[in-house]
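Taking it in order: structure first as structure tokens, then the write-up.
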């Protein structure tokens, strides 16, 4: 449990970060983040420290994820190019970006969302539905949240290129082509979210891990 003093310290640091985040460059924000975490680490309570780190890291990753997607240029033939360039200059963020992307796609992987696009009891293309989900995420935070609350708002458009942002950013940053999309329990492939499809929960993570080891 947090003491009142510990919670006050954390609240002040976090509030200051959110204020500065709107005014400063991303590099400055990352520096502020590190300073905040350094200060918080002085709290003499390991349980509190663990909880704070988990909360802060999740929050930062989410903010950076949506900030990156806000760079998409829908007037450009290569819609994702600005996001690719941005992440290539910050390669330490690429894996976090793809993990968050996978989580967001997983949350839209379900029967109720598929029926909003294809109709009830209609055949579903697993690839097409994945690319349709990519489009919903690409529309940004507010639209994504509205779709989660009201699946009827799902659009039939696709944005397959969203899946390759991380790989392209990695290649641009390193001149290498060996990037592998990070393995996560919240996998983006259609039908991974067994519960949302009303199916028996399968250990998708285990299956994918076995594939990687073959």
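Scan segment 64-98 for residues that are within 16 Å of residue 138 (Cα to Cα) and assigned to a helix (DSSP H, G or I) and report the count. I'd like the intermediate steps shown before the answer.
So in segment 64-98, the residues within 16 Å of residue 138 (Cα to Cα) come out as 64-84, 86-87, 97-98.
Still in the list and also assigned to a helix (DSSP H, G or I): 64-69, 81-84, 86-87, 97-98.
Count: 14.
Of the residues 127, 58, only one is at pLDDT 95 or above and more than 20 Å from residue 170 (Cβ to Cβ); which? Give the derivation first.
Values: 58 fails: at pLDDT 95 or above.
Step by step, each of 127, 58 is checked, and only 127 is at pLDDT 95 or above and more than 20 Å from residue 170 (Cβ to Cβ).
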Return the residues of segment 153-164 that are within 20 Å of residue 142 (Cβ to Cβ) and part of a helix (DSSP H, G or I); say none if nothing qualifies.
153, 162
Restricting attention to segment 131-146, does a residue exist that is crowded, with 17+ Cβ neighbours inside 10 Å and under 17 Å from residue 197 (Cα atoms)?
yes
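Please determine whether any residue of segment 115-133 is under 15 Å from residue 66 (Cβ atoms), under 15 Å from the mean Cα position of the chain (by Cα) and in a helix (DSSP H, G or I). Before the answer, list the steps.
Just the residues of segment 115-133 that are under 15 Å from residue 66 (Cβ atoms), to begin with: none.
The answer is no, given that none of the residues of segment 115-133 is under 15 Å from residue 66 (Cβ atoms), under 15 Å from the mean Cα position of the chain (by Cα) and in a helix (DSSP H, G or I).
The values are calculated or read from the model by the stated rules, or taken from the named source; none is laboratory data. Just so it is clear, the structure is predicted and the values come from calculations on it, not from any experiment. Note that we place each Cβ from the backbone using ideal geometry, even for glycine, and neighbour counts take in every protein chain shown.
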